[in-house]
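The values are calculated or read from the model by the stated rules, or taken from the named source; none is laboratory data. These figures come from a predicted structure and were not determined experimentally. Virtual Cβ from ideal backbone geometry, glycine too; neighbours counted across all protein chains shown. With ligands, DNA and RNA removed, areas are computed over all heavy atoms of the protein, side chains included. Shrake-Rupley method; radii C 1.70, N 1.55, O 1.52, S 1.80 Å.
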Amino acid sequence: MTDSPHRRVGPAGPPARVKRLPLWSLIAAGVLLGGAAGGAYGVVKTPQYSATSYVIAVPDEKSDPSAALGFAQAYGRVATQIAVLGEAQARAKVPVRKLQSSVQAVTSPDAPMVAVSATSAKPLEAAAMANAVARALTDTANRTQASTRVKLLQFSPAMKPTSPSSASPEVTALVGASAGGLLGGLVMLVRPRRERTESNATVPGPAAAADLQGSV
């Protein structure tokens, strides 16, 4: 009796493939690229300096002390208006447009004080702009002191900043690395998955020979 062994159908095996990189490499690449881009941005970007001048509202003897807080809030809102900035530009020696983009005023809900801050690439210019706007604000407010019964005084002048207020290259590199890692993770999540359809089935050969056809 002759038996036929099982036969393997199809190719002997799938061809050798180049090893794919692990999915976490997307995150690692994003961190490296983002950190490099953020660090380069921090080095190239011009550092900015900030200076702050404080003015305080003082009520006179005939005014309610609580009125000073309300007027301080009002003066904080008009500090960056064209009427005040137009008067400050001569002292700061910069155009009104630069003051509008570089100066901001912040008030406190608990104290009758206004903080006038200015930002510039030049430390002396930042201090000059903050002091000029604060001085113009006090002059504008004190013209109506007879009716408001509140006087505005410069509490603390702005000083020349000694260190930049903008982020350092180390900080921008850290922010870039975080953003790059997040982006790499998102790419990994939305990456389409390829379903493997490879088949390596083994089928049996023909059946064994039939029974003996009689005897000679």
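Figure legend. Inter-residue proximity from segment 123-149: first residues touching a residue at least 24 places away in the same chain (Cβ under 8 Å) and farther than 19 Å from K93 by Cβ, second residues surrounded by fewer than 22 Cβ atoms within 10 Å (Cβ to Cβ) and hydroxyl-bearing (S, T, Y), beta-carbon distance below 7 Å, spacing 6+ or different chains. Indicated pairs: R149/S63.
Taking the criterion of being touching a Lys or Arg at 6+ places or on another chain (Cβ under 9 Å) and within 15 Å of G76 (Cα to Cα), the residues of segment 133-165 that qualify are V133, R135, A136, T138, A141, N142, Q154. Taken together, T197, T172 contain a single residue that is at pLDDT below 85 and either assigned to a loop (DSSP other than H, G, I, E, B) or loosely packed, with under 13 Cβ neighbours inside 10 Å (or both), which is T197. Highlighted here are the helices (runs of 4 or more DSSP H) found entirely within segment 45-110 that include at least 2 residues which are among the aromatic types (F, W, Y): 65-78. Of the residues screened, L152 is not one that is open to solvent by less than 40 Å² (accessible area, probe 1.4 Å) and within 28 Å of P47 (Cβ to Cβ). Being at pLDDT below 70 and closer than 30 Å to L186 by Cα is the requirement here; does A12 meet it? Answer is no for this residue.
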